Amino acid sequence: MSAPTPSPAPTTTPITWAQTLKVYAEPASLRMLSLGFSAGLPLLLVFGTLSFWLREAGIDRTTIGFLSWVGLAYGFKWVWSPLVDRMPIPVLTRLLGRRRSWLLASQAVIMAALVVMATTDPKLALAPVVWCAVLVAFGSATQDIALDAFRIESADTQHQAALAATYQTGYRLAMIWSGAGALWIAARSEVPNAALYQQGAWQTAYLVMAASMLPGVLTVLFSREPVARALPQARNAMEWLRGALVEPFAEFITRYRWHAVLILALIATYRISDVVMGIMANPFYVDMGFTKDEVAAVTKIYGVVMTLVGAFLGGALALRMGVMRVMMLGAILSAGTNLLFAWLSGQGHDLHALIFVISADNLASGIASAAFIAYLSSLTNVNYSATQYALFSSMMLLLPKFVAGYSGMYVDAFGYGSFFTSTALLGAPVLLLVWLTSRIK
């Protein structure tokens, strides 16, 4: 009796580029496009656009640098993330579900704070503007917590890179609008032949930005709530705190053991070059003599388009090459392109040089962001998605935002060229951390 003929080994059909890109047209990806817009809109309104407004109003660079600490709200969002993850909002959660109720509530806070900020002149009263910025940042950070959980629970792990890319697309489109759009509206609202600084122009711009949150509100109202996961019933407050706060962090530490320290170190430093440099970008453009229209066209529109190209490229490369390889590429490019800003500081008011630098920097930023978000998503346990992702994204910003607070003092003491070179050097240890983390099995 002859031996049976062995069955042929199964073959794996390679994924084509058409199949790779088709995922961007899926409903979940399109929802992330719109919700990413809602997430990206507030950011520049309390950072880049606000710093341009404050610098034009005569606020000094050191103060602007310290005001960037408003962004620490994003760095500490893990503190209240368990509440967003598990606590229902009366009436609203019953009507919309856990994720959508928190999204809608946070969007309402952002809109209200932007309206109040618009009606306040920082040249006459800086403190109210600062407190409104804090409230916008708090609402935005809360929206991020709920939205990250909504995104992670809306698709499987294989699709997270694509969702991250479309999320980044919406995010960057919002940054075009809150950056270039706000500057363009302010420039068009100015009275001709009047003073350089006109509060009324900025008031119009910020009121339009508040109204621009409405598409995100509508998306939340018409989206489907992800499948609710059964949560254990707590018998008392301590048991609730243990389940909501302790267990998500303990689960991560238990899962990765001593490797958790290495992973958290990478998360805490991966975007440090970009974040620290970005605080002084708009004051730099003002001091270099670039107009609102030039900054809007080059850095806020063309630059964001380059970021979108980088985000799609990063998402596609992550699917084909693996996330860690693309993270290494993004880390190298992000640190290296900061040196181009040091070169730009010696060129004076050169629009062509600005276009070249923005092209390289924003392409690198898009690649790095798409890969990094996919990496963070892969680390979460779906049972604690909001809390764990909030921890990761908070750590991503906490150290960079703290260091960035001193950026104005550094520029005043050593100049822009030295500052940009130093931010590039901050990215060097990140390369080692990416390499070490990639070896974790």
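Readers should treat all values here as calculations from the given coordinates under stated rules, not as data from a laboratory. Note that the coordinates shown come from a computational prediction; the quantities given were computed from them, not determined experimentally. We place every Cβ from the backbone using ideal geometry, glycine too, and count neighbours over all the protein chains shown.
Of Ser81, Trp131, Thr49, whose Cα points farthest to the positive end of the dipole of the stretch 43-132 (charges on the beta-carbon: +1 Lys, Arg; -1 Asp, Glu; origin at the Cα centre)?
It is Ser81.
Shape of the stretch 352-403 from its Cα gyration tensor (a ≥ b ≥ c, root eigenvalues): rounded if a/c is under 1.5, otherwise prolate when a/b > b/c, or oblate?
The shape class here is oblate.
Using every Cα-Cα pair within the stretch 244-331, state what percent have a distance larger than 16 Å.
Across the stretch 244-331, Cα pairs with separations above 16 Å total 71 percent.
Kindly express, to the nearest 10 degrees and within the range 0 to 90, the angle between helix 126-153's C-alpha long axis and the longest C-alpha principal axis of the chain.
The answer is roughly 20 degrees.
Please determine, in degrees from 0 to 90 and to the nearest 10, the orientation of helix 259-269 with respect to the longest principal axis defined by the Cα atoms of the chain, where the helix direction is its Cα long axis.
20 degrees
So for the stretch 288-362, what are the equivalent ellipsoid semi-axes in whole Å, largest first, each being the square root of 5 times an eigenvalue of the Cα gyration tensor?
Details: eigenvalues 151, 42, 8 Å².
Gyration-tensor ellipsoid for the stretch 288-362: 27, 15, 6 Å.
In which sequence would Lys77, Lys401 go, from the one with the fewest C-beta neighbours within 10 Å to the one with the most?
Details: Lys77 26, Lys401 23.
Least crowded to most crowded, the residues run Lys401, Lys77.
Rounded to two decimals, what is the ratio between the C-alpha radius of gyration of the stretch 378-431 and 2.2 N^0.38 Å?
Details: Rg = 15.8 Å, N = 54, 2.2 N^0.38 = 10.0 Å.
Output field value: 1.58.
Contour minus end-to-end for Leu30 and Asp121, with contour as 0.36 nm per residue of separation and end-to-end as the Cα-Cα distance?
29.0 nm
What is the magnitude of the charge dipole of the chain about its Cα centre, with +1 placed on the Cβ of each Lys and Arg, -1 on the Cβ of each Asp and Glu, and no other charges, expressed in debye to the nearest 20?
Rounded to the nearest 20 debye, it is 1160 debye.
Go ahead and run the numbers for FRET between Leu262 and Ala187, Cβ-Cβ distance against an R0 of 56 Å, rounding to 0.05.
Working from the Cβ atoms, E equals 0.75.
Round to a whole angstrom and tell me the spacing of the C-alpha centers of the stretch 116-150 and the stretch 389-441.
Taking the Cα centre of the stretch 389-441 as reference, the centre of the stretch 116-150 is 24 Å away.
In deg cm²/dmol, rounded to 500, what helix-only [θ] at 222 nm does the chain give when every DSSP H run of at least 4 residues adds -39500 (n - 2.57) and the total is split over its residues?
-22000 deg cm²/dmol
I'd like to know which of Gly314, Tyr285, Tyr302 lies farthest towards the positive end of the charge dipole of the stretch 242-315, counting +1 on Cβ of Lys and Arg and -1 on Cβ of Asp and Glu.
The Cα lying farthest towards the positive end belongs to Gly314.
Measure of size requested: the Rg and Dmax of the stretch 249-389, with Cα atoms as the atom set and Å as the unit; please supply both.
According to the Cα coordinates of the stretch 249-389, Rg and Dmax are 17.5, 54 Å.
Note the full-extension length gain between Ala413 and Asp287 as 0.36 nm times their separation in residues minus their Cα-Cα distance, in nm to one decimal. Could you put the intermediate results ahead of the total?
Values: separation 126, 0.36 × 126 = 45.36 nm, distance 1.52 nm.
Residue separation times 0.36 nm, minus the Cα-Cα distance, leaves 43.8 nm.
For the chain, I need the span (max minus min coordinate) of the C-alpha atoms along each principal axis, in Å, sorted largest to smallest.
The Cα atoms of the chain stretch 99, 51, 39 Å along the principal axes, largest first.
Looking only at Ala424, Ala413, Ala370, which one moves most when the chain is put into a Gaussian network model with springs between Cα atoms under 10 Å?
Ala413
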